[in-house]
Amino acid sequence: MPAGLAALLADLLPLGVALLSAGVLGQRLGWRAWAGLLLGLAGVLAVTANALRLGSAPVYAYALPLLGMLSLAVATLWQKHSSAASAMPLVPTLWLHCAASSLAFAVLASFEGGLAPIPSAGFAASVLWTALLSSLGGYGLYWLCLRRSSPTRVASVLYLSPAVTLVWAWAMFGDPLSWPIALGSGLCLVGVLVVVKAERLRGAPLPRLSTTAPARSCLARSDRTHAR
């Protein structure tokens, strides 16, 4: 399956979280949040336009990244709204993720070959890279941010991953950049900022009612009456 299409399906996470929040949990999002999500999606399409192609993978393979995106969306909402999951510390949470995924991938790997680690420096470096940056860094920061903000707001930041990936590939491997990529990255950034601002306004506390002079006089009379 082409990497560009797989990345695009995975980057639908902000929209998946918003749709599940509205359809399953009944949480209403304002039009500003929906506009920001759609703007960010347009930016992702612009960034990945040159890498999108269907490929020749089996039909079921195209459902795998979509299923992975939906799984992360459900896990995001569960982590946010479940009191038991929210009370669990970060390190045990990541340990459970790694333990469950290691069992699942061990079963899949057993059909492809042996389970013994490859005795090479490259294999060790790849494991350390995945464990430190992806698990502790990526998912650790994701769950940490989720405890401090709304699911839609946190997931919307993932719209920036295609742009960051392309800049990283340019810096490390010399992959070319273009004006459509820059324009799409700008759209992603604007969409994320719109969602963040909309969620901040939606979650802002109600302003306090000012105590006017007539109200103060009424309260004073009420206090005197009770005192008598």
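Just so it is clear, none of the values below were taken in a lab; they were calculated from the coordinates. Please read these numbers as outputs of a predicted model, since none were measured by experiment. Glycine gets a Cβ as well: all are built from the backbone with ideal geometry, and neighbour counts include every protein chain shown.
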When the Cα centres of the stretch 17-43 and the stretch 92-129 are compared, how far apart do they sit, in Å? 35 Å
Using Cα atoms only, what is the angle between the long axis of helix 90-110 and the major principal axis of the chain, expressed in degrees (0 to 90) to the nearest 10? 30 degrees
Which of these, 106, 63, 22, has the largest mean-square fluctuation under a Gaussian network model of the chain (Cα springs below 10 Å)? 106
Shape call for the stretch 11-95, from the Cα gyration tensor axes a ≥ b ≥ c (a/c under 1.5 means rounded, otherwise prolate when a/b beats b/c, else oblate), comes out oblate
Please give me, ordered by residue number, the trypsin sites (Lys or Arg not before Pro) of the stretch 91-155 that lie in loop per DSSP and have at most 11 other Cβ atoms within 10 Å. 147, 148
So the angle from the long Cα axis of helix 161-173 to the longest Cα principal axis of the chain, reported in degrees to the nearest 10, equals 40 degrees
Across 68, 43, 122, the residue with the highest GNM fluctuation in the chain (Cα network, 10 Å cutoff) is 122
For the stretch 3-204: rounded, prolate or oblate by the Cα gyration tensor [a/c cutoff 1.5]: oblate
